[in-house]
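Trainee: Pasting a structure below so you can have a look.
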């Protein structure tokens, strides 16, 4: 059966009407992956046995007359930094090439409990460190919209899998833009939840105060359905927030008329590609046509966000990645002494970008520099968060470009790490503030490259962010 693109609703309808079984749908998607993945490199590891077992479980329950669970038979991909029991989890690194976790992440458990079928693990930048998916130890992912372009990073494999219809939905992680930026580059909705909204239990840590798990989908209503499944308090994660999870599906249909949309001037200045800027302005005009009110904003600490993020994130990465020493798990290289073994293991196991960030972070935390870098960055982070708090006293949501440019060519920025870091300039602010944000497709450039519009809301306002994104999508926002 070749129905495409599949959505959660269409999968449920097809199963309920017995037009297809969960096993048949799983077989179809595994076939698609076999045909297209050699070109895209979106998947690193497939789990056909696990997928077919789960699909058979869904079919058997339905045949017994049991109601279909919310995600019954929905084919889902998981970024390879999220633990999956019995299924290789490499973090796209040689140091974990053979690592097989003994447990599932909470988000994965909740997806399967809702009937989802896990197809496999998607490629990403090594340990989620990168903005192009060119830092993977297993080769770059290609953007399915234009295969000479990057899909964005670090969750490029998840974005590419959904955009290429190799999964109905996928999980990614966002530390400084790693869900929203690939979503923009590949032209699919991509949501970063509030910090603490989704359990991080089972997520391999990059920067623990910034990491968040969130979904890629083909439509905003599917984004809401995936978030409703994985959100909520988890006793296994001390940073998980005990905040009630609303009915996101109901939130989608609320009218947007009268909502105040903040447009910060700092996001529309130097460095913004003119075509991207024009599309975002057209998107804002569409929202105004739906009854939203545009409110100009100033967010004065935006210009300090990149420097702040790359001090804090690298400092946390330096601490978190100290565990990969060749002793407990993962790669172990030979050495005449313990120190030599440590050095050889980390030198062979980590790629250049991971080494760069470990060294930056170690320097920022070192004696004599802690106050000048790490402590000062924490103070600036508080000022950036205060910008958002102040803004949300006068607006209901903030709208910006997701990225300053469309997807760039493979290899275009690899020689200049600073230029690569600047691609995160519009996403790191929301990450530092811990607020939720979604990137929704907002037209294409003249050469057919997707543009993403970012919608940010106050803490735990995912319902409002989804509401605005859904209204924008229904009004034709993807083709402005």
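The values are calculated or read from the model by the stated rules, or taken from the named source; none is laboratory data. Bear in mind that the values here come from a model prediction, so they are computed numbers and not experimental data. We place every Cβ from the backbone using ideal geometry, glycine too, and count neighbours over all the protein chains shown.
Trainee: Being surrounded by fewer than 22 Cβ atoms within 10 Å (Cβ to Cβ), closer than 25 Å to residue 147 by Cα and touching a residue at least 40 places away in the same chain (Cβ under 8 Å) is true for just one of 87, 68, 46. Which residue is that?
Mentor: 46
Trainee: Right, next: Checking residue 215 against (1) part of a strand (DSSP E or B); (2) surrounded by fewer than 22 Cβ atoms within 10 Å (Cβ to Cβ), which single condition isn't satisfied?
Mentor: (2) is the only condition that residue 215 fails.
Trainee: Among the residues of the stretch 299-315, is there at least one that is over 30 Å from residue 359 (Cβ atoms) and modelled with pLDDT of 95 or more?
Mentor: Yes, some residue in the stretch 299-315 is over 30 Å from residue 359 (Cβ atoms) and modelled with pLDDT of 95 or more.
Trainee: Considering every residue within the stretch 232-239, establish whether at least one is buried (at least 24 other Cβ atoms within 10 Å of the Cβ) and either on the phi > 0 side of the Ramachandran plot or in contact with a strand residue (DSSP E or B) (Cβ under 6 Å, 6 or more places away or on another chain) (or both). Steps first, please.
Mentor: Residues of the stretch 232-239 that are buried (at least 24 other Cβ atoms within 10 Å of the Cβ), as a first pass: none.
No, the stretch 232-239 contains no residue that is buried (at least 24 other Cβ atoms within 10 Å of the Cβ) and either on the phi > 0 side of the Ramachandran plot or in contact with a strand residue (DSSP E or B) (Cβ under 6 Å, 6 or more places away or on another chain) (or both).
Trainee: Here's something else I'd like to know. Go through the stretch 218-253 and give me each residue that's without any contact (Cβ under 8 Å) to a residue 24 or more places away in the chain and in a helix (DSSP H, G or I).
Mentor: 250
Trainee: Name the single residue, out of those in the stretch 1-18 being modelled with pLDDT of 95 or more and within 18 Å of residue 56 (Cβ to Cβ), that is surrounded by the fewest Cβ atoms within 10 Å (Cβ to Cβ). So that I can check it myself, show each step before the final result.
Mentor: Our first condition is that a residue be modelled with pLDDT of 95 or more; within the stretch 1-18, this holds for 6-18.
Right, trim to within 18 Å of residue 56 (Cβ to Cβ) and you get 11-12, 14-16, 18.
Numbers: 11: 25, 12: 19, 14: 19, 15: 22, 16: 12, 18: 9.
Only one residue tops the list, namely 18.
Trainee: Within the stretch 119-139, work out how many residues are surrounded by fewer than 24 Cβ atoms within 10 Å (Cβ to Cβ) and either within 18 Å of the chain's Cα centre (by Cα) or in a helix (DSSP H, G or I) (or both).
Mentor: Total meeting the criteria: 1.
Trainee: Still on this structure, I have one more. Give 264, 244 a once-over and let me know the one that is exposed (fewer than 15 other Cβ atoms within 10 Å of the Cβ) and modelled with pLDDT of 95 or more.
Mentor: So the residue among 264, 244 that is exposed (fewer than 15 other Cβ atoms within 10 Å of the Cβ) and modelled with pLDDT of 95 or more is 244.
Trainee: For the stretch 90-107, which residues satisfy the criterion of being part of a loop (DSSP other than H, G, I, E, B) and surrounded by fewer than 24 Cβ atoms within 10 Å (Cβ to Cβ)?
Mentor: Those that are part of a loop (DSSP other than H, G, I, E, B) and surrounded by fewer than 24 Cβ atoms within 10 Å (Cβ to Cβ): 97, 98, 99, 100, 101, 102, 103, 104.
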